[in-house]
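Asks: I am attaching a structure below and will ask some questions about it afterwards.
The values are calculated or read from the model by the stated rules, or taken from the named source; none is laboratory data. Small disclaimer: the values here were computed from a predicted structure and weren't measured. So basically every Cβ, Gly included, is an ideal-geometry build from the backbone, and we count neighbours across all protein chains shown.
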Amino acid sequence: MDEDYAALVAGGDVYVWATPEIVGLLVLRPADGGALMVENVAVDPVAQGRGLGPALLEFAEEQARERGIAELRLYTHERMTRNIELYERLGWSEYERLAQHGFARVFMRKHVSPGSTGG
């Protein structure tokens, strides 16, 4: 959470899901190697269990396709086992674990198929 979120919002890297209140957030940023990093994906606890998290991640895939990017990446804390299981069910795969900035992180990626975004 060390990012300058005002700059991310100004740069168009932050997306919100509102119904009309904000219930979900997605932050995407370019990453090393030409990938797109899911910097943050969050769903308000009152809205969890409705499929918003997977929908936000699908939106990230659409953004990658539109930008011609073939890989999405994200990381989470190793204790977030439910999130890791969800990501794996959605086709993400773990590629590294390491301690970074005092946190035990699990790094995951998903290859994005080129083609239509369905929109």
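Asks: Failed condition for Glu39, given (1) assigned to a strand (DSSP E or B); (2) touching a Ser or Thr at 6+ places or on another chain (Cβ under 8 Å), with all others met?
Replies: (2)
Asks: How many residues are of a type outside the set (A, V, I, L, M, F, W, C) and either without any contact (Cβ under 8 Å) to a residue 12 or more places away in the chain or over 14 Å from Met108 (Cα atoms) (or both) if we restrict to region 62-81?
Replies: Initial filter on region 62-81 (of a type outside the set (A, V, I, L, M, F, W, C)): 62-63, 65-68, 71, 73, 75-79, 81.
Right, trim to either without any contact (Cβ under 8 Å) to a residue 12 or more places away in the chain or over 14 Å from Met108 (Cα atoms) (or both) and you get 62-63, 65-68, 79, 81.
Counting residues in region 62-81 that are of a type outside the set (A, V, I, L, M, F, W, C) and either without any contact (Cβ under 8 Å) to a residue 12 or more places away in the chain or over 14 Å from Met108 (Cα atoms) (or both) gives 8.
Asks: Could you please find all residues in region 90-119 being at pLDDT 95 or above and either among the hydroxyl-bearing types (Ser, Thr, Tyr) or assigned to a loop (DSSP other than H, G, I, E, B) (or both)?
Replies: Across region 90-119, the qualifying residues are Leu90, Gly91, Trp92, Ser93, Tyr95, Val112.
Asks: Shifting gears a bit: Considering Tyr87, Tyr75, which residue is surrounded by 15 or more Cβ atoms within 10 Å (Cβ to Cβ), modelled with pLDDT of 95 or more and assigned to a helix (DSSP H, G or I)?
Replies: After applying the criteria, what remains is Tyr87.
Asks: Of all residues in region 82-99, which are free of Cβ contacts under 8 Å to residues at least 12 places away in the same chain, more than 20 Å from Glu58 (Cα to Cα) and not small (Gly, Ala, Ser)?
Replies: Glu96, Leu98
Asks: Exactly one of (1) surrounded by 12 or more Cβ atoms within 10 Å (Cβ to Cβ); (2) aromatic (Phe, Trp, Tyr); (3) under 16 Å from the mean Cα position of the chain (by Cα) is unmet by Phe103. Its number?
Replies: Of the numbered conditions (1) surrounded by 12 or more Cβ atoms within 10 Å (Cβ to Cβ); (2) aromatic (Phe, Trp, Tyr); (3) under 16 Å from the mean Cα position of the chain (by Cα), the odd one out for Phe103 is (3).
Asks: If Leu56 satisfies every condition in (1) free of Cβ contacts under 8 Å to residues at least 40 places away in the same chain; (2) under 14 Å from Leu28 (Cα atoms) but one, which is the exception?
Replies: It fails just one condition, (1).
Asks: Confirm whether Arg29 is without any contact (Cβ under 8 Å) to a residue 24 or more places away in the chain and within 21 Å of His111 (Cα to Cα).
Replies: yes
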